[in-house]
Amino acid sequence: MENDKENIIQAVVIMDLFNNNFEPISNKNPMGLLPVAGVPIIDYVLESLVSGGVGEAILFCCQDSLQIKDHVKKCKENKVPWSITLDVQIISSDTCQTMGDVMREIDAAGLVRGYFILLGINSITNINFAALLEQHKQTCKKDKGAAMTLVYKEVAWQHPLLSNDKTLLLAVDGRNHKILMHQKYKPKSKETSVSLPLECVLQHSEVKLHNNLVDANIAICSPSVPPLFSDNFDFQNRDDFIHGILINEDILASSLYYTMMKETQYGAAITNWKTYQTVCWDILHNWVYPLSIETDSFYKNTFMYMGRHIFRKTNSSLSRSCTLVEDVLVGAKTHISDMSRVSKSMIGNNCTIGNHVIIHGSHIMNNVVIKDNCQIINSFINDNCIVEMNSNLEGVVASDNVCIEEGSNLKGNILVETIKNGNDITLKKTSSESGTEWENESSGKEDDEYVGFDEEWSNSESCYSSDSSAESSLPDSPIPEDTNIFLQEVIDSLARGYEENLKCDYLILEINSSRYAYNIQLHEVNFFVVRALLSMPILEDTKSVLSTVKDILKYFRPVISNYIKTKSSIMDCLKAVEDSCIKNIWLDGKAGQIIHLLYEADIVDEDSLLEWYEDLKENESPLKDQTSIVKFFEWLQEASEESEDSD
């Protein structure tokens, strides 16, 4: 029985962030109960541990442990899936002020038996912990001093999780993944150069540099980690531990390693309001599968999917004249009234949304009332708040039980309800300019006047709808910012490949890597690959556009064949041609010749072309009467009739 216990994988979850990034929301409720896409974050963490092979979880709380205990107890009573196989211990200590103090307490109490997983309550992931632990054990066989393997996710350099959090520069031994240098920079840092210690180059035959890594706040630890914290009281957080080991590697006889998550795996740490918003969207887009918005519903399907990543509880009610645009979650017993519009937002349970309300990029918690003619942009409204009529909120974070007066016009405020003299209730307003540190240095540039979330989610030109049906409308569908970045990266990759005569296989790998980094759907990839081919800089400069397009199609035929190979992908291709010919000046009047080249290259077929042409006429596309288009389809019809006559 004792041997069986030794084989159980342990995980230590530190339940406190030891900062004030989420004040005032975190003042009354622990971080573990913060709803992420409608689900308490602790449910995601415990579910991920079970699916990752962990058998025992130690939840170490420094405050609000009673609320965590009550939540865990309730989950066990309801027999949620993780409670069947996961043994959860809740340890509390009021004296711990830092993560280092927690590790020293763990060492003193002997809570871990050997190798273990260390993560924060803000870590959202779907990785296989058991496989990573085994990988770390193999590293320890080669290096007895290996103390920790840090887990990272490689993403594109403009990914929102990077731009809204500290940037990490990692120098590693390319042969064995040993970490040589670990340095963090503020978001959007203006640093233009880095210094690499000379000994890193001299002592290692292969050195790799990484600067596009998302730190998911996950580490695989050896038994030596808790004692190292106990022996070094200046180790107050994980960064202190990492830097201390790297500086004093010989003295401490310890070393650090890293590993990358696979492309299909997800990992992120919620460190501020902007990363919170990004992770919520990723969950709605199902990039964290099997973790989902149904994690707390015990896998019972109580959500109705409405397309465009819109989910609502089946007992919610929507007025016929309200509009849910995209990326929306609506909780149970919530009502949205006439002519209201919701986009890229999460709305909790038992909320009432009045008439002519606009909600964008915001998070509305439970039991919130928003009255008529209000506008809520990029804000977080906590439980039991009331927003009176004709109020405009932008970049606002409101604590629970706040009542916002009628006609309020607030921008970049933190709203906290305080009680004075027992009965008189006053509303305290603070702003990002008043010295508050809730957003801390991870919030972005110093002159950012938006307290909570990004000012704009998309200011890009209208281009393409994520709905691939024939009813989708090109002019009314804006490109999300991530998709815009993805398009530019594909253009850059293809232009470089064409100029340097690179193999198309390498370019396909680059495109796929960008696709996973930006959560791009497959039909969108089909569209944007063709869009990128027709937007290459060389086409803008050449005197013979059609000849150059023909050469491009010939050179990139393997890339096109990799994506354009089904009926639906051919329609995506033709929509991309339509969009490119409307927007690219160098293709003006040449739509018919472009599709003729595609037809001759056997990229598109006659049936798809005829269906697309009918769509052009039905949707009143600017191309439907273009001379080159009309002549091409006249030629196609004549060629088809001649073929039938010859038969």
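The values are calculated or read from the model by the stated rules, or taken from the named source; none is laboratory data. Since we're looking at a predicted model, the values are computed, not measured. Quick reminder, even Gly has a Cβ in these numbers, built from the backbone with ideal geometry, and neighbours come from all protein chains shown. Please note that ligands, DNA and RNA were not included when accessible areas were found on the heavy atoms of the full protein model with its side chains. Shrake-Rupley method; radii C 1.70, N 1.55, O 1.52, S 1.80 Å.
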- [ ] Search the stretch 67-79 for residues that are over 16 Å from residue 30 (Cα atoms) and pair each with any residue that is open to solvent by less than 60 Å² (accessible area, probe 1.4 Å) and part of a helix (DSSP H, G or I) when their beta-carbon atoms are under 7 Å apart and the residues are at least 6 apart or on different chains.
- [x] 75/83; 76/83
Open item on the list: Tally up the residues in the stretch 53-99 that are touching a strand residue (DSSP E or B) at 6+ places or on another chain (Cβ under 9 Å), in a loop (DSSP other than H, G, I, E, B), among the β-branched types (Val, Ile, Thr) and open to solvent by 10 Å² or more (accessible area, probe 1.4 Å), please.
Closed with: 0
Task: Hey, residue 389 part of a strand (DSSP E or B) and either open to solvent by 20 Å² or more (accessible area, probe 1.4 Å) or hydrophobic (A, V, I, L, M, F, W, C) (or both) or not - done: no
Task: Check on residue 482, at pLDDT below 80, acidic (Asp, Glu), under 21 Å from residue 574 (Cα atoms) and not assigned by TED's automatic domain parsing to the domain that holds residue 360 - done: no
Open item on the list: Going through 379, 362, 399, 343 one at a time, which residue ends up being in the same structural domain as residue 317 (by TED's automatic domain parsing) and either open to solvent by 60 Å² or more (accessible area, probe 1.4 Å) or without any contact (Cβ under 8 Å) to a residue 60 or more places away in the chain (or both)?
Closed with: 343
TODO: Determine which member of the set 191, 199 is surrounded by fewer than 16 Cβ atoms within 10 Å (Cβ to Cβ) and either modelled with pLDDT of 80 or more or not in a helix (DSSP H, G or I) (or both).
DONE: 191
Open item on the list: For the stretch 614-647: of the residues being of a type in the set (S, T, N, Q) and open to solvent by 90 Å² or more (accessible area, probe 1.4 Å), which is modelled with the lowest pLDDT?
Closed with: 646
Open item on the list: Within the stretch 206-280, considering only strands (runs of 3 or more DSSP E) that don't extend past its boundaries, which have at least 2 residues that are closer than 14 Å to residue 125 by Cα and touching a strand residue (DSSP E or B) at 6+ places or on another chain (Cβ under 7 Å)?
Closed with: 213-221, 267-269
- [ ] State all residues of the stretch 499-522 that are modelled with pLDDT of 85 or more and out of contact with any Pro (no Cβ under 9 Å at 6 or more places or on another chain); if no residue qualifies, say none.
- [x] 499, 500, 501, 502, 511
- [ ] Inspect all residues belonging to the stretch 547-568 and state whether any of them is under 30 Å from residue 160 (Cβ atoms), open to solvent by 20 Å² or more (accessible area, probe 1.4 Å) and assigned by TED's automatic domain parsing to the domain that holds residue 490.
- [x] yes
- [ ] Determine whether the stretch 591-602 contains at least one residue that is over 18 Å from residue 544 (Cβ atoms), exposed (fewer than 12 other Cβ atoms within 10 Å of the Cβ) and of a type outside the set (Gly, Ala, Ser).
- [x] yes
TODO: Restrict the check to the stretch 263-272 and report whether at least one residue is farther than 28 Å from residue 179 by Cα and touching a residue at least 24 places away in the same chain (Cβ under 8 Å).
DONE: no
- [ ] Could you please tell me which pairs satisfy a Cβ distance under 8 Å, a separation of 6+ or placement on different chains, a first residue in the stretch 138-160 that is over 16 Å from residue 246 (Cβ atoms), and a second residue that is assigned to a helix (DSSP H, G or I) and of a type in the set (Val, Ile, Thr)?
- [x] 156/485; 158/485; 160/275; 160/278
Task: Residue list for the stretch 7-52, restricted to those being polar (S, T, N, Q), open to solvent by 10 Å² or more (accessible area, probe 1.4 Å), assigned to a loop (DSSP other than H, G, I, E, B) and touching a residue at least 40 places away in the same chain (Cβ under 8 Å) - done: 19, 20
